[in-house]
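Structure record follows, encoded as structure tokens.
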Amino acid sequence: MLSALLIVLLLLPTLATFFFRVDTRSYPRRTILLTAAGILVWLLATTWQPAGIDASTLRNLLFIGLILALVLGTFHLYLRYYRNMLHLVLQYRRSFLLSIMLLLLAGGLSWLGFSRIVLPVTTLAERAGLSVTEHAWYQNTSARFPGLGREFMPSLDEGAFLLMPTTLPHAGLEETLDLMQQMDRRIAEIPEVKLVAGKIGRAETALDPAPISMFETLILYHPEFASDEKGRPIPDENGNLRRLWREHIRTPDDIWLEIRKAADLPGITSAPKLYPIETRLIMLQTGMRATMGLRVEAPDLETLDAFSLALESLLRQTDGVRAASVYADRALSKPYLEIEPNRALLAQYGLSMADVQQTIQTALGGELTGYSIEGRERVPIRVRLARSWRNHPETIAQTDIPTPSGAFIPLGELADIRYTTGPAAIRSENTFLTSYVTFEPEENQSASDLGRHLQNTLADAIQSGQLQVPEGARYQLEGEFLQQERAEKRLKLILPATLLIIILLLYRQFRSAALTTIIFSSILVVWAGGFLMLWLFGQPWFFDVHLFGSHLRDLFHIGEIQLSVAVWIGFLALFGIAVDDGVIMTTYLEQRWKSQSPRSRAELIPMATEAAMRRVRPCLMTTATTILALLPILTSAGKGSELMIPMAVPALGGMIALLISPLFIPFLYITLKERSLP
């Protein structure tokens with residue numbers, strides 16, 4: 001953010017004054033401007049460091065100089081040849097209009113995908129008996145333009161992971177504790193891991209329903225480069241930054257793969273990738289320990305357990321779901337030791353239920369006899385049978401029960417002692433018993449697409465009889481998919497409302513539907529440019545080059561971007577910027593029209609050309625400042641960059657496409673006014 005402010009507030013005005021001046025013969029002023037620009041470039045090289053913090057200052061200086069020369073040089077050439085380009089546009093109007101239509105088509109293909117764009121055509125063709133979708137050209141084009149995936153929000157890099165695997169419910173406390181400690185030791189051996197802290201059980205509160213069988217392991221990992229207490233990088237003996245990660249570890253996702261391998265122990269289920277803060281929010285909203293899952297409701301525990309296991313089996317076979325991550329809560333898998341006294345036998349010996357229960361409680365659970373005071377600690381003292389006498393039903397059956405006559409009767413003669421299974425925990429929502437079947441999408445699989453695929457898969461399984469839904473039972477998708485659905489519903493209201501407000505404000509200013517439409521056309525252009533840039537970021541060949549020792553794809557974080565709320569926020573900001581250029585250009589064109597009142601086409605075109613020449617400079621300045629201010633955001637790697645980059649990418653693509661606006665708006669304006677001339 002600091003780098004973006006330096007560029008917009010200091011560097012851009014200085015360089016623009018030099019590059020965009022008509023008269024540059026004032027050499028003292030030129031020298032001052034270049035000196036100021038050099039100082040600011042040096043500041044950017046030490047603060048922004050676009051070539052990477054491990055690169056030298058000289059390399060960063062060269063990189064920044066190249067970026068500035070490329071951007072400002074392009075705009076300088078654009079300004080220099082703007083009149084010629086405008087004459088070509090007016091001379092070949094149909095070709096220019098066709099290029100605009102192709103740009104809009106490319107934006108639509110990038111957003112929705114080829115198959116959705118041509119869906120009406122393919123539907124009509126199939127009704128006519130033509131199988132268009134089976135042709136190679138159709139499949140290749142669909143693979144080239146699949147459309148953007150969807151997600152609710154990009155995950156933030158919190159510098160830590162939360163590993164939450166589970167054991168089977170019948171595992172004892174000692175065995176569970178031993179597994180957790182063994183897993184923690186294996187994870188701590190990973191060089192990139194800084195701290196491992198595991199927890200089982202829960203606090204004495206109803207707000208923490210974690211069972212003994214669920215682990216909560218907080219894993220902090222080292223940053224990629226070492227730094228001192230003030231956050232300054234620490235160099236190694238060769239003068240380079242000291243890297244704390246191994247060579248094959250490039251991203252936090254690689255660390256997570258190492259953690260997953262280390263946590264792969266017999267008796268422990270796999271766990272989805274979670275972050276501490278994100279997980280707490282998910283658990284507060286849904287009660288699940290995963291970003292996606294099915295909430296299962298049933299009228300009784302037996303039905304709930306059977307239906308959950310059936311859904312678990314089906315999800316393991318579903319495409320797009322990582323099979324190892326699927327886990328259904330076991331509603332009836334917790335072992336219990338039941339002691340059922342025979343009331344008739346108790347009455348024969350003169351015993352009451354309270355007498356027997358008191359003896360069982362003292363022998364097995366223990367009786368509090370006092371406290372051991374050790375400094376400020378208070379340790380309770382309990383008296384009960386030795387472990388060897390309470391570890392097995394046969395030894396428990398030999399526990400003596402005193403009778404009123406003074407005789408002792410073994411517990412096994414007075415009660416039926418047996419093992420049985422029951423619920424580990426009972427949860428209910430909306431008056432129904434509830435459990436969850438959690439899972440994790442596979443790599444490069446969006447939660448939105450997987451959610452829709454699961455809905456269709458489960459519906460088909462129910463219709464074909466593969467999945468039987470018991471009476472009174474039901475399921476519902478929860479987690480990120482549901483959040484995405486809610487966000488899309490809100491965006492379907494917010495986006496049209498925003499565009500409508502822009503149209504109303506433009507109409508209030510110009511009092512003309514035609515002029516409002518001309519200005520609004522800039523939004524269509526930047527819309528197409530934004531989606532086209534999102535598509536390019538997902539292509540492996542885009543910017544796959546090395547410059548000054550830096551891979552540009554890694555430098556600008558080029559990779560597939562899902563269509564999320566952050567992306568739509570970037571588009572909303574882009575729409576407001578796009579209208580500015582249209583307002584500047586159209587306002588001056590209208591003023592010149594009213595002042596000169598051209599009476600023929602021969603007078604209209606020179607008038608409009610001169611008016612456009614006078615307003616192209618501020619339009620280019622708006623575009624240049626925005627593009628250069630977005631570059632530090634694209635190269636940022638700090639906290640919050642996961643949200644800022646998806647917002648900046650469509651804005652960058654839209655601003656590049658906005659270079660068409662100084663040509664498109666005069667073209668539309670001249671075409672409109674020619675109709676009113678003789």
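Could you list which residues have their amide H under 5 Å from that of Leu433, counting only those 5 or more apart in sequence or on another chain, with H placed in the peptide plane?
Ala298
Estimate the FRET efficiency between Trp389 and Arg243 by the formula 1/(1 + (r/R0)^6), using the beta-carbon distance for r and 51 Å for R0, to the nearest 0.05.
0.30
How do His170, His135, His557 rank when sorted from fewest to most other Cβ atoms within 10 Å of their own Cβ?
In increasing order of surrounding Cβ atoms, one gets His135, His170, His557.
Go through Ala573, Pro598, Phe556 and say which Cα lies farthest out towards the positive end of the charge dipole of the range 526-621; charges sit on Cβ, +1 for Lys and Arg, -1 for Asp and Glu.
Highest projection toward the positive end goes to Pro598.
Let's see if you can work this out: charge +1 on each Lys and Arg Cβ, -1 on each Asp and Glu Cβ, no other charges. What is the dipole magnitude of the chain about its Cα centre, in debye to the nearest 20?
4440 debye
Give me the mean projected area, in nm² to one decimal, of the convex hull enclosing the Cα positions of the chain.
45.8 nm²
Order of Phe152, Phe432 from fewest to most other C-beta atoms within 10 Å?
The fewest-first ordering by Cβ neighbours comes to Phe432, Phe152.
Residue separation times 0.36 nm, minus the C-alpha to C-alpha distance between Ser597 and Asp264: what's the value?
111.9 nm
Could you name the lysines in cross-link range of Lys673, using Cα to Cα under 20 Å and dropping any fewer than eight places away on the same chain?
List returned: Lys594.
For Thr122 and Leu220 in the same chain, what is the full-extension length gain: residue separation times 0.36 nm, less their Cα-Cα distance, in nm?
30.1 nm
Step through the table entries Lys194/Lys334; Lys199/Lys639; Lys273/Lys334, compare each Cα-Cα distance with 30 Å, and write down the pairs that go over it.
Beyond 30 Å between Cα atoms: Lys194/Lys334.
How high is the relative contact order of the chain, in percent, with contacts defined as C-alpha pairs under 8 Å that are six or more residues apart?
Reported as a whole number, the value is 17 percent.
Can you work out ³J(HN,Hα) from phi for every residue in the range 461-478, in order, using Karplus 6.51 cos²θ - 1.76 cosθ + 1.60 and θ = phi - 60°, giving whole Hz and x for Gly and Pro?
Coupling constants for the range 461-478: 5, 5, 5, 7, x, 5, 10, 9, 8, x, 5, x, 9, 7, 9, 8, 5, 10 Hz.
Based on the Cα gyration tensor of the range 299-455, what are the three equivalent ellipsoid semi-axes, each the root of five times an eigenvalue, rounded to whole Å and given largest first?
For the range 299-455, the ellipsoid semi-axes come out as 47, 22, 14 Å.
How many nm separate the modelled label positions at Ile277 and His546, each set 7 Å beyond the Cα in the direction of the Cβ?
Rounded to a tenth, the inter-label distance reads 3.6 nm.
How large is the charge dipole for the range 335-422, taken about the Cα centre, if only the Cβ atoms of Lys, Arg (+1) and Asp, Glu (-1) carry charge, to the nearest 20 debye?
The dipole magnitude comes to about 280 debye.
What nm value, rounded to one decimal, do you get for the distance between Thr362 and Arg202 when each label is placed 7 Å out toward the C-beta?
3.3 nm
Report the calculated FRET efficiency for Tyr336 and Asn444 (r = Cβ-Cβ distance, R0 = 56 Å), to the nearest 0.05.
0.80
Fewest to most neighbouring Cβ within 10 Å: what's the order for Glu590, Glu229, Glu394, Glu258?
Placing the least packed residue first, the sequence is Glu229, Glu394, Glu590, Glu258.
Here, each number is a calculation from the coordinates, and none is a lab measurement. Note that the structure is predicted; figures quoted are calculated from it, not measured. Please note: Cβ atoms are built from the backbone with ideal geometry, for glycine as well, and neighbour counts cover all protein chains shown.
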